[in-house]
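So the structure is just underneath, and the comments pick up after that.
The values are calculated or read from the model by the stated rules, or taken from the named source; none is laboratory data. Note that the structure is a prediction, hence the values are computed from the model and not measured. Note: ideal-geometry Cβ built from the backbone for every residue, glycine included; neighbour counts use all protein chains shown.
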């Protein structure tokens, strides 16, 4: 006896439908992974740029402090070469003006390895402060003869720029020293 041949029954395409749904799910997972990875790469790049800008600004602060150690008078704080008197009360801070960071209005710092060579700094003379250990002195602390009884105070503002112009860091420090 020969086996009977049964004609195929009508197919409904369920396997094809399930395959297409699984393919769609895998595509969505793949696209999502690519988007997440590209976002993480951009975040890492931005963080790297900010770190470069921070290192550059920190180096500029150190350069300014070296410059301050070499000064002998506050006469040169006349608004040129990155040296300023502090802004009057109610006026905008000098470092907030964008023009200060161009040309000869600020000092270009020495570049640090791996950072951009566009770090700049300004130094503002804040004025004298009485030394704590001689607070009860007899002479006028603001006279020219009382130089050892006061500390001259300065504010250093440094701006560093990272790998892109959008990555900028502004650092400030206060520096005091007795002028000879």
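Could you tell me which residue of the stretch 58-93 is surrounded by the fewest Cβ atoms within 10 Å (Cβ to Cβ), considering only residues that are closer than 12 Å to residue 158 by Cα and touching a residue at least 40 places away in the same chain (Cβ under 8 Å)? So that I can check it myself, show each step before the final result.
Kept after step one, since they are closer than 12 Å to residue 158 by Cα, are these residues of the stretch 58-93: 58-65, 82.
Narrowing the set further to residues that are touching a residue at least 40 places away in the same chain (Cβ under 8 Å) leaves 58-61, 63-65, 82.
On the way: 58: 19, 59: 20, 60: 30, 61: 20, 63: 20, 64: 25, 65: 16, 82: 22.
Here the answer is 65.
Would you check if there is a residue in the stretch 24-34 being in contact with a strand residue (DSSP E or B) (Cβ under 7 Å, 6 or more places away or on another chain), modelled with pLDDT of 90 or more and either on the phi > 0 side of the Ramachandran plot or surrounded by 10 or more Cβ atoms within 10 Å (Cβ to Cβ) (or both)?
No: the stretch 24-34 contains no residue that is in contact with a strand residue (DSSP E or B) (Cβ under 7 Å, 6 or more places away or on another chain), modelled with pLDDT of 90 or more and either on the phi > 0 side of the Ramachandran plot or surrounded by 10 or more Cβ atoms within 10 Å (Cβ to Cβ) (or both).
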Looking at 81, 104 in this structure, which one is at pLDDT below 85 and not in a loop (DSSP other than H, G, I, E, B)? 104
Counting only residues in the stretch 139-159 that are in contact with a helix residue (DSSP H, G or I) (Cβ under 8 Å, 6 or more places away or on another chain) and modelled with pLDDT of 90 or more, the one farthest from residue 108 (Cα to Cα) is identified as 154
Pairs where the first residue, in the stretch 145-159, is on the phi > 0 side of the Ramachandran plot and surrounded by fewer than 19 Cβ atoms within 10 Å (Cβ to Cβ) and the second is at pLDDT 60 or above and in a loop (DSSP other than H, G, I, E, B), C-beta under 7 Å, 6+ apart: none
